[in-house]
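The values are calculated or read from the model by the stated rules, or taken from the named source; none is laboratory data. Keep in mind the model is a prediction, meaning the values are calculated, not measured. Counting neighbours? That spans all protein chains shown, and the Cβs are built from the backbone with ideal geometry, glycine included.
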Amino acid sequence: MADYQFETSKVIEKAKKYNPRIIGLQFPDGLKIHALKLARKLEKELGVTVLISADPCYGACDVADTKLEGIVDLLIHYGHSPLPLDYNIPVIFIEAYAKVDIIPALRSSLKLLSGYDKVGVATTTQHLHLLDEAIKFLEDHGKKVLSAKGVGTRRGQVLGCNFSSVKELDVDVYLFIGSGDFHPLGIRLFTGKPVIAADPYTGQVNNIEDFADRILRIRFAAITRAREAKKWGVIMSSKKGQKRLSLALNLKKLLEDSGREAFIIILDDVSPELLVPFRDLNAFVVSACPRMPVDDYHLYDKPILTPIELEIVLGKRGWEDYTLDEILF
């Protein structure tokens, strides 16, 4: 199990400035196992009552400030970088950097990076503090390494909904440092360049190309199925960082202008069970989290598309211009 830097002393000092009586704690699912230990420490050191949010948390787009307004005096949100949003209550963000040795994974990546001179490096919030170490290692092994800031993201940082930091780099290949397939998939689709994924927790390294090809085949099949759909649901999120009303309205208009029926359905957490009452609908398009149609497609028995995929269905975009949906702040 990975260990993380929760910066408890720093949190306590910051929290004192708000003189709170009740503090809320919020974590992504992978960090919730640490909640009790942290709550115990905060209650002991600050003499407060701590409320732990057990709801799912998918990112900084999903801060529990609205739910906890009027209940807590301060919210401490772990695991994500803040977005440029207005919060209803004071929020302290702690990025919870992973304590992990990235050198074994980087060393394993050299074989797959062989033949490439210019390497773009990207990672997620938990590993940003390791970026300079990774760059130095690659440069010491003869690579020219580039990284950049994005729109609302830090140097080398990619989010599940924001890949702007990697789009303009003049490189031959990208190295993604982190776990999971979605982020390297996004880099591959947004840049068209080869992507090597290095997992610092397992030490495993792989080329994302086969996975990207499989996902593209699945997405093409969903688009093909959706072409026959006449009744659509436009899924909109009530989460502050995903609440793209103007996009939802535009998607509804696009569908209606094409002779199809469209209804906007607003939810907090999107799930197949909550869509069961709308069985008359033939397909869905998501204006909420861009990851949902790609990550969770297998949970739905009807096509569930991104806005870009809907454009392909309606003939507004060609398949050769396929990419992922993004939320840029």
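General remarks:
- Of the strands (runs of 3 or more DSSP E) entirely within the range 161-212, those holding at least 1 residues that are closer than 28 Å to Asp62 by Cα occupy 173-177, 195-198.
- Taken over the range 70-105, the residue count meeting the criterion of being in contact with a His (Cβ under 8 Å, 6 or more places away or on another chain) and assigned to a loop (DSSP other than H, G, I, E, B) is 3.
- Sole exception among (1) touching a Leu at 6+ places or on another chain (Cβ under 9 Å); (2) in contact (Cβ under 8 Å) with a residue 12 or more places away in the chain; (3) part of a helix (DSSP H, G or I) for Leu274, by number: (2)
- Taken over the range 286-303, the criterion of being over 18 Å from the mean Cα position of the chain (by Cα) and of a type outside the set (Asp, Glu) is satisfied by His298, Leu299, Tyr300, Lys302, Pro303.
- Restricting attention to the range 1-32, the residues that are within 21 Å of the chain's Cα centre (by Cα) and among the small types (Gly, Ala, Ser) total 2.
- Within the range 255-266, residues that are acidic (Asp, Glu) sit with their Cβ atoms under 8 Å from residues that are modelled with pLDDT of 95 or more, at 6+ positions apart or across chains, in these pairs: Glu256/Ala262; Glu261/Lys230; Glu261/Lys231; Glu261/Trp232; Glu261/Leu255.
- Output for the range 28-50, where each listed residue is buried (at least 16 other Cβ atoms within 10 Å of the Cβ) and either in contact with a strand residue (DSSP E or B) (Cβ under 6 Å, 6 or more places away or on another chain) or in a strand (DSSP E or B) (or both): Leu31, Ala35, Ala39, Leu42, Val48, Val50
- Taken as a whole, the condition of being assigned to a loop (DSSP other than H, G, I, E, B), among the small types (Gly, Ala, Ser), surrounded by 16 or more Cβ atoms within 10 Å (Cβ to Cβ) and out of contact with any Pro (no Cβ under 9 Å at 6 or more places or on another chain) does not apply to Ser108.
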